[in-house]
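**Q** Dropping a structure here in structure tokens format, bear with me for questions.
The values are calculated or read from the model by the stated rules, or taken from the named source; none is laboratory data. Quick caveat: nothing in here was measured; it's all calculated off a predicted structure. Neighbour counts run over all protein chains shown; Cβ positions are idealised from the backbone, glycine included. SASA here: full protein model, heavy atoms, side chains in, ligands and nucleic acids out. Shrake-Rupley method; radii C 1.70, N 1.55, O 1.52, S 1.80 Å.
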Amino acid sequence: REENKQTPAQQKQQQQAYQQKQDDYQLMEQISRFYQQQLKVASDKETAVNYLKGRGLSGEIVKTFGVGYISDAWDGMMSVFGRSSAATKQLVDLGMAIQGDKNKPYDRFRGRIQFPIRAKRGRVIGFGGRVLGDGTPKYLNSPETRIYHKGQELYGLYEAKQANKQLQRLVVVEGYMDVVALAQHGVNYAVASLGTATTPEQLQT
């Protein structure tokens, strides 16, 4: 049909948007790996490891869900990934950094256990971070971005699909830790809505 034909400019725009998303997914995956690494090498990793052990989680289940950690510093992640102005802008766009008033952007997530949020195909699109100690908010989630729309995603769905080839049922629970703790106890079909009331899109999914 004639009316569906795209102009070269529209095609180019579409290609650029597609490429941008691929770059975004790649960056988020790298950050997720960095957080997982930090759980092993951070100077204060014991606090995080002890917290996870205290919640009854094994190393295996932590690995399955890609759980990580970031120390409480302003630029623990930014110092590694925000090395150019383009990279810094991308990190702000993806909700990983917050644009300060005059200063350089700083890490959104600090001093938290990090839970990567994966889309249906397993790509990391956001994070949920649980504070260690008495800081607030207890849970901090990625904001809406060009790759993350929380009303459409379910935390743990990708992992539940990996664990169950024929996924017959799901249990909807409140938070990240509930999903991971249930998986630890053999209930590997729990999902959580992401810091919002459950949406029609999530039920449809």
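**Q** Which is over 24 Å from Y25 (Cβ atoms), open to solvent by less than 50 Å² (accessible area, probe 1.4 Å) and free of Cβ contacts under 8 Å to residues at least 60 places away in the same chain, of V171, V187, V191? Spell out how you get there, then give the answer.
**A** Numbers: V171 fails: open to solvent by less than 50 Å² (accessible area, probe 1.4 Å); V191 fails: over 24 Å from Y25 (Cβ atoms).
Being over 24 Å from Y25 (Cβ atoms), open to solvent by less than 50 Å² (accessible area, probe 1.4 Å) and free of Cβ contacts under 8 Å to residues at least 60 places away in the same chain holds for just one of V171, V187, V191, which is V187.
**Q** Out of region 110-128, which residues are in a loop (DSSP other than H, G, I, E, B) and under 22 Å from L57 (Cα atoms)?
**A** The first filter runs over region 110-128 and keeps only residues in a loop (DSSP other than H, G, I, E, B), leaving 110-111, 119-123.
Within region 110-128, R110, G111, G122 meet the criteria.
**Q** Given the criteria open to solvent by 10 Å² or more (accessible area, probe 1.4 Å) and free of Cβ contacts under 8 Å to residues at least 12 places away in the same chain, does P137 qualify?
**A** Numbers: open to solvent by 10 Å² or more (accessible area, probe 1.4 Å): yes; free of Cβ contacts under 8 Å to residues at least 12 places away in the same chain: yes.
The answer is yes for P137.
**Q** Going through region 37-62 one residue at a time, which ones are touching a residue at least 24 places away in the same chain (Cβ under 8 Å) and either more than 19 Å from H185 (Cβ to Cβ) or among the basic types (K, R) (or both)?
**A** Selection gives Q37, Q38, L39, A42, S43, D44, K45, T47, A48, R55.
**Q** I need every pair where a residue in region 63-75 that is at positive phi and assigned to a loop (DSSP other than H, G, I, E, B) has its Cβ under 7 Å from the Cβ of a residue that is surrounded by fewer than 24 Cβ atoms within 10 Å (Cβ to Cβ) and modelled with pLDDT of 95 or more, sequence separation at least 6 or different chains.
**A** G66/S32; G66/Q36
**Q** Residues being aromatic (F, W, Y) and under 18 Å from V180 (Cβ atoms): count how many of those fall in region 13-55. Give the derivation first.
**A** Here is the first cut: in region 13-55, the ones aromatic (F, W, Y) are 18, 25, 34-35, 51.
Keeping just the survivors that are under 18 Å from V180 (Cβ atoms) gives 35, 51.
Summing the residues that are aromatic (F, W, Y) and under 18 Å from V180 (Cβ atoms) in region 13-55 gives 2.
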